[in-house]
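> Let me begin by handing over the structure; questions about it come next.
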Amino acid sequence: MLVGKYLKEKQNVVYQTFFNALNTAHLSHAYLLVGEQGTPLLEVATYLAKSLVCDSPNPLACEHCLTCLRIDDGNYADLIIIDGALRTIKKEDVQVIEERFETSAVESKGKMIYIINHVENMTQEAINALLKFLEEPSDNIFAFLTCENESRVLPTIVSRSQTMHLKSIDKSIIKTEAIKLGVNEEDAELLCNFFNNAELIKEKETDADFINAKNCLLSTIDALQKNNNLAFVQIHQEVTPNIKTKESARYYLDMLTIVFQDLLNITINSDVFLKTHIEEFKIITSKLKHIQASLLTIMASRGQIDMNINIGLLIDHVIQYILKGDE
């Protein structure tokens, strides 16, 4: 994904704000990037970090020089990335930043940078540690923080950062752009619910966790058109054993949520988003009688993935509820 092009064409306010800051040498020591689910927050934060140390800035990162490529490879000593999208951020994570940046910079650029993706997923202890670090910033240390829900970020963190908002692009536009890039319609429909950028969708189309979860979803859609006993057997055999990672489980339950939202839309004569499956959805809605309750169960189960619960048992619980609700 060429983030510079994306910012210039789709997020010009963010692009121009950082462009002016670099041009005038009036950089903030902490930036808070805010965007709805699907906006490429981590990618933008990483690009802005590159812009501080790029070998050939103009004035933002070129994305092609050795330093930019090293950052892409996770091989730049003075950049630390902590991703709260994958797990809860703890105090120890912030302490790693503090300890690493206690000494002088390793790289010749002399700037030390840290990115905390999804700061709303920090423990209270981690927040307190971050606040202490933000209160007295060193001249050569820069922070890029991201969040999807600004209201969940402590006001003192917001007040110590310059906030930049990424606007969300309409999903139908993203879907059309992704299809033009060669993404098949079914994948484009699904992935535009996760990524608000067509180039990123093109990259994620071949992601193993997505492909696995999509295949499991298709098996589920097929099974739900059958009687309850056959449906449960098929899902237990084709879906439950194949969802082994947390990322696959997140994809699967999020996509199942989209499916049941569409099923609910059909019952109230509203528009369906996953149009490639509309005929199958009509069959399923004629069979299932407790779609809204099932949707709530799926959404609640999605929140349990990070609680070290057995993923297979969680999926079985969801399917049993969906089918039991139809009895």
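> Using the Kirkwood radius over C-alpha pairs as Rh, can you work out the diffusion coefficient of the chain via Stokes-Einstein at 10 °C, viscosity 1.306 mPa s, in µm² per second?
The estimated diffusion coefficient comes to 73 µm²/s.
> What number comes out for accessible area per residue over the chain if the probe is 1.4 Å? Units Å², please.
Details: 15550 Å² over 327 residues.
I get 48 Å² per residue for this part.
> Then there's this: Could you put Arg152, Arg302 in order of accessible surface area, largest first, with the 1.4 Å probe and the full protein assembly present?
Arg152, Arg302
> Probe radius 1.4 Å, ligands and nucleic acids ignored: give me the carbon and sulfur share of the accessible area of segment 135-262 as a rounded percent.
Whole-percent figure for carbon plus sulfur exposure: 49.
> Mind scanning Lys180/Lys244; Lys5/Lys171; Lys91/Lys244; Lys226/Lys289; Lys214/Lys246; Lys204/Lys226 and naming the pairs with a C-alpha gap bigger than 23 Å?
Lys180/Lys244; Lys91/Lys244; Lys204/Lys226
> Using modelled amide H (1.01 Å from N, peptide plane; none on Pro or chain starts), what sits under 5 Å from the amide H of Ala30, excluding residues fewer than 5 places away?
It is Ala143, Gln162, by chain and number.
> Moving on to the next point. When all C-alpha to C-alpha distances in segment 19-116 are sorted into bins of 5 Å, what percent of pairs does each bin hold, rounded to whole numbers?
The calculated distribution, bin by bin, is 3, 11, 21, 24, 22, 13, 5, 1.
> How large is ³J(HN,Hα) for each residue in segment 64-81, as worked out from phi by the Karplus curve 6.51 cos²θ - 1.76 cosθ + 1.60 (θ = phi - 60°), to whole Hz, x for Gly and Pro?
Computed from phi, the couplings for segment 64-81 are 10, 6, 4, 5, 4, 5, 5, 5, 4, 8, x, 10, 10, 4, 9, 10, 10, 10 Hz.
> Please state the Cα pair-distance histogram of segment 198-258 with 5 angstrom bins from zero: what percent is in each bin?
Cα pair-distance distribution for segment 198-258, in percent: 4, 19, 25, 24, 15, 7, 4, 1, 0.
> So, counting K/R as plus one and D/E as minus one, what does the shell of residues with Cβ under 11 Å around Val239 add up to?
-3
> Taking amide hydrogens as modeled 1.01 Å from N in the peptide plane, which residues meet the under 5 Å criterion relative to Leu166, leaving out close sequence neighbours?
Hits under the 5 Å cutoff: Val34, Gly35.
> Right, next: Can you give me the C-alpha center-to-center distance between segment 176-220 and segment 50-129, rounded to a whole angstrom?
28
> Another question about this same structure. How big is segment 92-160 on each of its three principal axes, counting only the C-alpha atoms and giving the largest first in Å?
Taking the Cα atoms of segment 92-160, the three principal extents are 38, 20, 19 Å.
> Using only alpha carbons, build the gyration tensor for segment 239-327 and give me the equivalent ellipsoid semi-axes, biggest first, whole Å.
Numbers: eigenvalues 111, 38, 24 Å².
Largest first, segment 239-327 gives 24, 14, 11 Å.
The values are calculated or read from the model by the stated rules, or taken from the named source; none is laboratory data. Every value quoted in this text rests on a predicted model; they were computed, and no experiment measured them. Using ideal geometry, Cβ is built from the backbone for each residue, glycine included, and neighbour counts are taken over all protein chains shown. Remember, those area values only see protein heavy atoms, side chains included, never the ligands or the DNA or RNA. Shrake-Rupley method; radii C 1.70, N 1.55, O 1.52, S 1.80 Å.
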